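Right, one structure below, let's go through it.
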Amino acid sequence: MLTTKSKHIFSLPKHFPNHNCSTATISHSPLSLLTPRPSLAQTKQVHARLITAGLGGRTHLIAHLIAALALSPSTSLSYSRSIFQSIKNPSLFAANNLIRCLAKSESPRESVALYDFMRGSDLQPNNYTFTFLLQACGKAMALIEGTQVHVDVVKLGFGEDVYVRNGLIQFYSVCCRIDCAEKVFDESPECRDVVTWNVMLGGYVREGQIGVVEKVFEEMPERDVISWSLMIMGYVQNGRLEEGLNFFKEMRGKGLIPNEAIFVTVLSASAQLGLLDQGRLIHSVIRSLDFPLSVPIGTGLIDMYAKCGCIEQARVVFDQMPRRDVCSWNAMICGLASHGLVKEVLACFERFITDGLRPVNVTFIGVLNACSRAGLVNEGQYYFKIMTENYGIEPEMEHYGCMVDLLGRAGLVVEAFELIEKMLVQPDPVLWATLLGACKIHGLVDLGEKIGNKLIQLDPTHDGHYVQLSGIYAKARKWEDVVRIRRLMLDRRTIKVAGWSLVETQGRVHQFVAGDREHEWSSEIYKMLEMIGMRIGEAGYVPNVSPVLHDIAEEEKENVIKEHSERLAIAFGFLVTGSGDCIRIVKNLRVCGDCHDFSKAVSKVFKREIIVRDGSRFHHFREGKCSCLDYW
């Protein structure tokens, strides 16, 4: 026996006759009214009709009612169990479908208890029993019970059943025992189908073994859409976003129709890379296939458009969705926040509450983030308060990060410091680094020095802490300290994260780093940059070289700033876009102050909109102004 802990749950007789139910019998009963995936309400209505028609005692019909519940998107476990217990002589079919109901419930281990009783009776399990039972063990992460089921599989002669073998591979993979999954996979090479290969492929994807995933994919004798879906997911989950998108193109070239999981994955890749053209292409494929705007796809589109700088299009998709869940609202709220649209964020949050939905931790990250970007201290403190008092959500590091950023930017650095000191959880280095940034903004040298040294002690290899601290000294014109910190940084061999900027055009992604001379259009880019610099200089732009080290000549300082990656990207944008077209740039680091001024000047002089997604937020440069109102 597997377990004896839950014997009170089921009171089964010693004999379970296996009732067969003909299709004709079902077609002449209320069961014929059920859809392939009936709702709980529909199933209950049919149950009531069976009873009123005097068929409530027909065990084979009641067994099919349990089967309908097993297929239903929402199943009441107590209802399923009560129906099963009403059957005087439950069949194997009824028992298997109750196991299936239990497997997808919040109490999957109960299926093991039911199986235990079945094994104590004359009812012998079949391959469906083990398939559903292994699903339950996988969901419950019940490795011991699942291993015992494996023993019964072998004992009862189901070891060569392909469905059961697939269930075993899936179970071991979900339980992070890829070695056991491999063993089952390798035992019987002749006993495999495309699902077997897919389940094994999925196990390697889950483990992050992308090299093995590629090898298995190449070895597959047959592939279906699931195979391609897993391959694309493997690339994207392991940060190989462009390869995932290229695989999507290859799959489309073979005439395969993507499934929902593929669309959601490639939309996520496009969002992370900020590739609007790629995202639009995926959206056009969704439309051309008349794919329904489901919650996952709608949410993916909102996230993609928001992260690619098209917040208006994100709103269009949001308004078009026939149904939205909390994730959809969160994507919209966080998207609006990243664009600095604080009024819209707060209005969206109020609509969210009015619609009767309950916010989660991510919802408040979006709201607090918006307050932080706009400097709304009172509003931020209000939402931080109701998050805990009204909704019982304990603040996490991200919430504290938003509040520290909000207080720090507003000049309330001491209050931000006190908030960190009062935290119930240990503050992480990112939180202290946020406060260090506030010290730099407001010129608080003593506190900045204290926090900077603390951060350097916590992580001596992180270049950002040295750069921030040296920036504080530079702003205070304490040049000896600047040199000391820079030398310390070199002595400890910290590696500065290289800044880069991306521009997407005609299906290609062009990446630039500071001083880049490798691009095929390098000569034209620098000529364009020279022309842009001359025009905005005539209009009054003067480079801000104060952050650059003091011990190099003024002219050299200007040259250092002039070759920053976003400037090269802007010059390239002028070369590859039409007159008046928007130039879109994705940058991995925060935009520096002078490049921010440069972009504003370019937008005014050339009447061009420039949208930059940096490591912090979106900047929409139009007519000499930025959407961040110089508060970033």
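Take the Cα pairs of region 236-357, get the Kirkwood Rh, then feed it into Stokes-Einstein at 25 °C and 0.890 mPa s and tell me D in µm²/s. Rounded, D is 167 µm²/s. Compared with the dominant principal axis of the Cα atoms in the chain, helix 565-576 is inclined by about 80°. For region 188-278, the relative contact order is 24 percent, taking Cα pairs closer than 8 Å that sit 6 or more residues apart in sequence and dividing their mean separation by the residue count. What the Cβ-Cβ distance of Ile441 and Arg252 gives, at R0 = 56 Å and to the nearest 0.05, is a FRET efficiency of 0.70. Spin-label model, Thr388/Lys450: points 7 Å from Cα along the beta carbon direction are separated by 2.3 nm. Summing charges over all other residues whose Cβ lies under 9 Å from the Cβ of Ser603, with Lys and Arg as +1 and Asp and Glu as -1, gives +4. For the pair region 360-408 and region 134-175, the centres of their Cα atoms are 45 angstrom apart. Of all alpha-carbon pairs in region 294-406, indicate the percentage at a distance above 23 angstrom. Value for region 294-406: 23 percent of Cα pairs lie more than 23 Å apart.
Dipole check for region 500-626: with +1 at the C-beta of Lys and Arg, -1 at the C-beta of Asp and Glu, and the Cα centre as origin, the magnitude is about 660 Debye. As a rough footprinting exposure proxy, the listed residues Tyr172, Tyr526, Tyr631 were ranked by other beta carbons within 10 Å of their own, and the order from fewest upward is Tyr631, Tyr526, Tyr172.
Divided by 2.2 N^0.38 Å, where N counts the residues, the Cα radius of gyration of region 500-626 comes to 0.98.
Applying a DSSP loop filter and a limit of 12 other Cβ atoms within 10 Å to the GluC sites (Glu not before Pro) in region 484-545 leaves Glu518, Glu520. From the Kirkwood radius over Cα pairs of region 437-494, Stokes-Einstein at 20 °C and 1.002 mPa s returns a whole-number translational diffusion coefficient of 195 µm²/s.
Treating r as the C-beta distance of Arg517 and Ser74 and R0 as 56 Å, the FRET efficiency rounds to 0.40. How high is the relative contact order of region 249-346, in percent, with contacts defined as C-alpha pairs under 8 Å that are six or more residues apart? Once divided by the residue count of region 249-346, the mean separation gives 24 percent. Sites listed here are trypsin sites (Lys or Arg not before Pro) in region 414-488 whose DSSP assignment is loop and whose Cβ has at most 14 other Cβ atoms within 10 Å: Arg477. Count Lys and Arg as plus one, Asp and Glu as minus one, and take only other residues whose Cβ is under 14 Å from that of Val576; the net charge is then -2.
Provide the net charge surrounding Phe621, with neighbours chosen by a C-beta distance below 15 Å and charges set as Lys +1, Arg +1, Asp -1, Glu -1.
Here the count lands on +3.
Over the chain, calculate the relative contact order: mean separation of alpha carbon pairs under 8 Å at least 6 apart, over the residue count, as a percent.
6 percent
Here each label is just a point 7 Å from Cα along the line to Cβ, and for Cys191 and Arg119 those points are 1.9 nm apart.
Taking the Cβ-Cβ separation of Met534 and Asp224 as r and a Förster radius of 56 Å, what is the calculated FRET efficiency to the nearest 0.05? So the FRET efficiency works out to roughly 0.45. Under a cut-off of 26 Å between alpha-carbon atoms, report the lysines in cross-link reach of Lys249, not counting same-chain residues fewer than 8 places apart. Within reach: Lys215, Lys307, Lys587. Available extension along the chain between Glu242 and Lys478 is 80.5 nm, counting 0.36 nm per residue and deducting the alpha carbon span. Residue pairs exceeding 24 angstrom between C-alpha atoms, taken from Lys385/Lys422; Lys527/Lys607; Lys44/Lys104; Lys475/Lys607: Lys475/Lys607. With 0.36 nm allotted per residue and the present C-alpha distance subtracted, the Asp355-Gln506 stretch has 50.2 nm of extension available. The structure-derived value of Rg and Dmax of the Cα atoms in Å appears in the list [x] 30.5, 97; [y] 24.7, 77; [z] 30.7, 112 under the label [x].
Read-outs: derived from the displayed coordinates by stated rules, not from any lab. Here the structure is a predicted model, which means the values were calculated and not measured. Here Cβ is always computed from backbone atoms with ideal geometry, including for glycine, and neighbour counts include all displayed protein chains.
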